[in-house]
Structure formats: structure tokens, C-alpha cells
Amino acid sequence: MTVSTLTPPSVQCPKCGVHSIVEYKPTVYHCLKCDFEKDLSVPPEAGETGFGPAMMGLAGFGLGLLILL
């Protein structure tokens with residue numbers, strides 16, 4: 001088993017909020033603190049959009065810029 005850290009190092013665990021996500025397998029990411037695990041090869045469940053607060057903020061900022069123009 002090879003464990004490598006993700007780049008950039010600012011990847012935050014969505015469950016515990018700690019920056020301790022590592023790449024466990026080529027498509028599996030694992031939190032060393034709370035054992036959260038996400039397999040990116042599995043399609044998202046129904047209702048899961050993948051938009052987190054950061055993406056929503058960027059979308060709002062972009063929409064605000066469009067309105068100002």
C-alpha cells in the first residue's frame with residue numbers, strides 16, 4: 001500500500017475539517033484523523049451536486065460581477 005499526500009496541502013476533510021486527507025489508492029481519498037473515505041471512481045449519489053460552500057461563493061461572486069457589467 002502506498003500512501004501519498006494530496007497537493008495542494010490545503011485539502012480539508014469534509015467531515016472533521018482537518019487538513020489530513022491522503023490519497024489511499026489511485027481514486028480513494030482518506031482522512032487520517034476521522035477515517036472519512038471517498039472513492040472518486042464511484043458516481044455521486046442522487047442529490048449530491050459536488051458544490052461546496054467555496055464553489056457557491058465563487059458562483060455568487062461571478063454572478064455579482066455579471067450584474068455590475
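The values are calculated or read from the model by the stated rules, or taken from the named source; none is laboratory data. Fair warning: this is a prediction, and the values are worked out from it, not measured in the lab. Every residue, glycine as well, gets a Cβ built from its backbone with ideal geometry; the counts of neighbours run over all protein chains shown.
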Selection within the stretch 28-55 - modelled with pLDDT under 65 and of a type in the set (Phe, Trp, Tyr): 51
Of all residues in the stretch 1-23 being of a type in the set (Gly, Ala, Ser) and exposed (fewer than 13 other Cβ atoms within 10 Å of the Cβ), the one that is modelled with the highest pLDDT: 17
